[in-house]
Structure formats: structure tokens, C-alpha cells
1. Mind checking the angle between helix 188-200 and the chain's longest principal axis? C-alpha axes, 0 to 90 degrees, to the nearest 10.
2. Measure nothing fancy, just the Cα-based angle from helix 215-228's long axis to the longest principal axis of the chain, in degrees from 0 to 90, nearest 10.
3. Applying a 10 Å radius around every beta-carbon, put 128-135, 98-105 in order of their mean neighbour count, most first.
4. Based on the mean of other beta carbon atoms within 10 Å per residue, what is the order of 190-196, 38-44, most packed first?
5. What shape does the chain take by its C-alpha gyration tensor, where a ≥ b ≥ c are the square roots of the eigenvalues and a/c under 1.5 counts as rounded, a/b above b/c as prolate, and the rest as oblate?
6. Counting other C-beta atoms within 10 Å, which of 72, 60, 20, 49 has the fewest, and how do the rest follow?
7. Where does each of 236-245, 2-11 land if you order them by average Cβ count within 10 Å, highest first?
8. With an 8 Å cut-off on Cα pairs and a minimum separation of 6 or more residues, tell me the relative contact order of the chain in percent.
């Protein structure tokens, strides 16, 4: 679509183009143009929340459940600072999420206007990427980039600041097609080498769970581990990586892990670390 539209309409149209079907938000006057555009878009379910931290956590959970970025909208100042905890969790847990923040008008920047914060600087250490859109014509580019970054590599949160006056600009913009996560399958030769090492090992152990891990993955790995006789430990905060009732389940490497499990891993001659962190980080 290239006919003139408001920045808010362009943003909503491109969220739809990227497959967004749910938004969590705490309303604010700084992004009213987006809310106005959403009224005419039944494809997106708008969930209004009471507090920005809760809205951000809901978006993080939505990303974890769907594998697509959970989307959250908040207003500037206290709204953004409240939502920052959800961004931090999404980064720590490798969950795709996009936080949109209504910002001060472009002409008011750097004047300490109403609740002004430099959001790019604020969120740079907390998110995979933090951006500000100053030109409504580039909204499709920024939205596509946000979705791509959020789901690529190690998934995580992206933060985008939206100047209030930019969202009201009426311009022509070219919508972008949906982006997809590019997966890199294991080379068959490498997989054969892994199996050969496991076959020769006397004390193998696996540490599993991480970004992209789901119930089907856990069931498949549980079957593999049981058939090869490999005890399986869960990585930090991945206690449900496989069923805890499985004969292969060896415990969780979170806070205060079982000393016998730690000793077992340290004595292993082969460690399969799949999806989680470096085993050396797990053991401290």
C-alpha cells in the first residue's frame, strides 16, 4: 500500500503484515494515532492493561508461547520505565518481544519536555536493539527490522521510540513483507561426530533447554536420551525442558543445584550442551 496514510496507520498496517494478532498496552496520549488506527483493525486483539510492567510481561509470555514477537505499547517516562522490567526478562530468557514507546514531539527533544527520556540510550543495555523512528515513511523498514532482530539468532526484545508528531504525519510508505526466522540445521557430518563421541563416552551427560525449545523438542530429546542412556539436566530457568518424570531426568542446574548432579557433570567425559548456556557458566 502506497497511498498517503498517517504514521499510526502505517505502523498498524505493518504490524498486521508481520503477523501480529495481539497487542498489550497501557493507553497514553503519546500514541493516540496508533490507537485510532487500531479501531478499524479487527485482526489485532488489543489487550488493555493496568500497569506497564504487567503489559510487558504479557508480551514476553506471548512471544514465548508463539515464537513470534509479543508486542507491547506504553507511553513515555514512567510508562517506559515500568515496562523496562519486561524487556530485561525477555532479554534474559531469550524471548522475542517488541516494545513501542510513545515519545515527545521531535521539536521538543532535548528540552526535558513532558517526561522526556532518551530511550535509545536507556534501553541499549537491556535490549537486542533500541531505535527511534523520526520519519514516518520509514516505519515499514523499522517494523520489519524489529521483527527480524527479535526472532533471529538468540531471540530477544527490540525497543522502538515513536515521536508523537511523527505518528500524525500523513505520508506515502511502502509496506514490507513478513520476515521469517532463518534456521541453520546441523551439518550431517558434525552430527555423526557427535554420535560417535557419545557412543565412545563412559560418562556422558546432557544440559538442555533454551531459545526455541518447546514441548515437541523436549519429547524428542527425552526419547533420544533414554535410548542412548544419557542423563539430562535442565539449563538455568529451563526446568521443564524435558518431563521431570522421565527416567533420563537428572535435575535442574538453577540456584542451589544438587551437589551430586554438579559432581556428575564435572566428571563427565562428554557434555551435550543443547540450547542452553555454556556448562561452565552453569557450574559457576
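All of the numbers you see were taken from the coordinates with simple rules; none came from a lab. Computed from a prediction, not measured in an experiment: that's the story for all the values here. Ideal geometry is used to build each Cβ from the backbone, glycine not excepted, and the neighbour counts take in all protein chains shown.
1. Rounded to the nearest ten degrees, it is 40.
2. Result, in degrees: 10.
3. Numbers: 128-135: 18.9, 98-105: 26.4.
Descending mean neighbour count gives 98-105, 128-135.
4. Ranked from most to least packed, the peptides come out as 38-44, 190-196.
5. Values: a/c = 2.83, a/b = 2.22, b/c = 1.27.
Prolate is the answer for the chain, as a/c is 1.5 or above and a/b outweighs b/c.
6. Listing 72, 60, 20, 49 from fewest to most nearby Cβ atoms yields 49, 20, 60, 72.
7. Details: 236-245: 17.3, 2-11: 19.9.
Highest-to-lowest ranking by the protection proxy: 2-11, 236-245.
8. Numbers: 580 pairs, mean separation 50.2, N = 284.
Computed value for the chain: 18 percent relative contact order.
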